[in-house]
Amino acid sequence: MRADSDKPATVRLTPAECNTHEIYWWGGLEPLRGYLSRADLDSVQSRGRLADGTPWLLPWVLRPNGAVGTNQTVELREPEGHLIGTTDVTEVWSAAGLDHVAGEVRLARAPQTGMFRGMHREPSSLAGSGSRTALAVAGPVSPAAVAGALRVAADDGGPLLLMPMVGAGEYGYGESTVAAARTTLALQEALGDRVEVAALPICPDELDEPPGLWLAAKTAHAFGVETLLVDREHVDLPIAPGTARIMRSPQLPGLAGPLADGLERVAEITSGRGHRGLVVLMTGLPASGKSTIARGLRDWIVAGTTRTVTLLDGDIVRATLSSDLSFSRADRLKNLERLATVAAECCRHGGVVLCAPVAPHAQGRNLFRRIVHDVADFLLVHVATPVEECQRRDPKGLYAAAAAGKLSGLTGVDDDYEEPIDADMRVGLSQSPPEQAIQRIRDELLVRGWLEAAPWTAAVPV
């Protein structure tokens, strides 16, 4: 944070932050006029209410990606750089290592970033349509839930409003967003004028958490929705002023034929393992054999399956993508964040990614898992070669340099390594050759159904 300045600062919003700003533009965050103050944020986090007692679950603050000061104007821009509005900073503080900014938000327009923009509508475009019942589409829905939602909407005297949840998560768009869009399109095609569509710019996964469910109810209310139906067994959200009523869609028979078949096909495509991304993250001390195992596993997958493979070696990534970073704890975290972001993009269309960084801290490995969660299955492998064996192997001379006082901060010598207690597998090179570790990981991926062996697999050497 820096002192007050007359020069405007710039914050590039993430796709997830753009979701919330779009909802704010629609009036879905009434009665807020901007980001929460410190007092409001503390109250929301401790008791689920604003400081004045208004029920509230969303901790909406601006976290600048650069230093700002009070009384400074901040330009709000989309990820691509387009200006959507400004805020005049009224308060700046730090909490949990992050800067927070409060201030009134003045938007000139709604953000236009994100997927499936054709499904987004202004609330005013639905005026007089009679849609008072909506179905939140957070992925594949059952035919019985659709039949129940249509019945409730007919009883209310209007068409059913489909509200696909097509917003970005914290680290981008996942399969659940695509599934929500596909399901909506299938319903729209089959049901015609019995339904209307207006997107909810909320990540589908958030529907399973109280803040996300509450935000969906707030946003639906801005569209004039009185009842928001969800295809969930457990719905526990008290009715509050300014929110639609949340309830589980009644489960009724009656949808069969092409529509039911289409919904089942959407669910099958979404849940199919054959086209889902896969990440194998190998962590271990320097010279533990991570790269050797990763290279061998890559060769086997390329030869023994029909999948595409990307190998992200820790040293190569350090020399290219993260050449500007040091080996401090904060920069190690940033390096893993970059690595995971690349891995997620490789997985988005069904790729297999093998990553072999040191990844010494649980915080970084957990961040990696969260980033790839929406687009990939994830296997954490601890290459648990003892430090004595790593010192004996020492192909790059790192341990020798550390012993000679020419290198400091080497993981496992004078920098800590937090052994993963949540590893899915442990392999090592102290008692067995690399081929055995490769075969164990290969077999695990096959047993879990994350890889399908080609007919010639048995002939492929490890």
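The values are calculated or read from the model by the stated rules, or taken from the named source; none is laboratory data. Keep in mind the model is a prediction, meaning the values are calculated, not measured. As a convention, Cβ positions derive from the backbone with ideal geometry for all residues, glycine included, and neighbour counts pool all protein chains shown.
Between residues in the range 240-266 that are assigned by TED's automatic domain parsing to the domain that holds LYS218 and residues that are among the basic types (Lys, Arg) and modelled with pLDDT of 70 or more, which pairs lie under 7 Å by C-beta distance while being six or more apart or on different chains?
GLY242/LYS218; THR243/LYS218; ARG248/ARG232; PRO250/ARG151; LEU252/ARG151; VAL266/ARG182
Which one is nearest to THR219 (Cα to Cα), of the residues in the range 112-168 that are in contact (Cβ under 8 Å) with a residue 40 or more places away in the chain and acidic (Asp, Glu)?
GLU122
Give me the residue from the range 188-222 that is outside any helix (DSSP H, G or I) and in contact with a strand residue (DSSP E or B) (Cβ under 7 Å, 6 or more places away or on another chain) and, out of that set, nearest to ASP155 (Cα to Cα).
Step by step, filter the range 188-222, then rank; the result is VAL195.
Filter the range 399-412 down to the residues that are touching a residue at least 24 places away in the same chain (Cβ under 8 Å) and surrounded by 16 or more Cβ atoms within 10 Å (Cβ to Cβ), then identify the one that is farthest from CYS355 (Cα to Cα).
Taking the candidates together, the pick is TYR399.
Can you tell me which residue among GLU268, GLU226, GLU209, GLU233 is under 26 Å from THR54 (Cβ atoms), modelled with pLDDT under 90 and out of contact with any Pro (no Cβ under 8 Å at 6 or more places or on another chain)?
GLU209
Looking only at the range 366-390, count how many residues are among the aromatic types (Phe, Trp, Tyr) and farther than 19 Å from GLY351 by Cβ.
0
One residue is enough: does the range 2-20 have a residue meeting the conditions crowded, with 17+ Cβ neighbours inside 10 Å, acidic (Asp, Glu) and not assigned by TED's automatic domain parsing to the domain that holds TYR173?
yes
Using beta carbons and a limit of 7 Å, which pairs, at least six apart or on different chains, have the first residue in the range 291-307 and part of a helix (DSSP H, G or I) and the second one at pLDDT below 85 and not aliphatic (A, V, I, L, M)?
Listed pairs, sorted by first residue: ILE301/ARG307; GLY304/THR457.
Being farther than 19 Å from GLU337 by Cβ, crowded, with 18+ Cβ neighbours inside 10 Å and of a type in the set (Lys, Arg) narrows it down to one of ARG448, ARG442, so name that one.
ARG442
If you go through the range 182-206 one residue at a time, how many are touching a Pro at 6+ places or on another chain (Cβ under 6 Å) and closer than 25 Å to LEU278 by Cα?
1
Kindly indicate which of GLU91, GLU104 is out of contact with any Leu (no Cβ under 9 Å at 6 or more places or on another chain), charged (D, E, K, R), surrounded by 15 or more Cβ atoms within 10 Å (Cβ to Cβ) and under 17 Å from LEU32 (Cα atoms).
GLU91
For the condition in contact with a Phe, Trp or Tyr (Cβ under 6 Å, 6 or more places away or on another chain) and under 25 Å from TRP26 (Cα atoms), what is the one hit in VAL178, VAL166?
VAL166
For the range 309-356, give me the residue count where each residue is touching a strand residue (DSSP E or B) at 6+ places or on another chain (Cβ under 7 Å) and either farther than 24 Å from PRO386 by Cβ or modelled with pLDDT of 90 or more (or both).
18
If I filter the range 62-94 down to residues being free of Cβ contacts under 8 Å to residues at least 40 places away in the same chain and not charged (D, E, K, R), which single residue comes out as farthest from ASP42 (Cα to Cα)?
HIS82
So how many residues does the range 349-398 have that are acidic (Asp, Glu), over 17 Å from the mean Cα position of the chain (by Cα) and crowded, with 20+ Cβ neighbours inside 10 Å?
The qualifying residues number 0.
Within the range 285-330, restricting attention to residues that are more than 16 Å from ALA453 (Cβ to Cβ) and touching a Ser or Thr at 6+ places or on another chain (Cβ under 7 Å), which residue is surrounded by the fewest Cβ atoms within 10 Å (Cβ to Cβ)?
ASP313
In this structure, does ILE246 turn out to be in a loop (DSSP other than H, G, I, E, B) and of a type in the set (A, V, I, L, M, F, W, C)?
For ILE246, the condition - in a loop (DSSP other than H, G, I, E, B) and of a type in the set (A, V, I, L, M, F, W, C) - is not met.
Here are ALA67, ALA16, ALA102: which of them is assigned to a loop (DSSP other than H, G, I, E, B) and hydrophobic (A, V, I, L, M, F, W, C)?
Selected residue: ALA67, the only one of ALA67, ALA16, ALA102 that is assigned to a loop (DSSP other than H, G, I, E, B) and hydrophobic (A, V, I, L, M, F, W, C).
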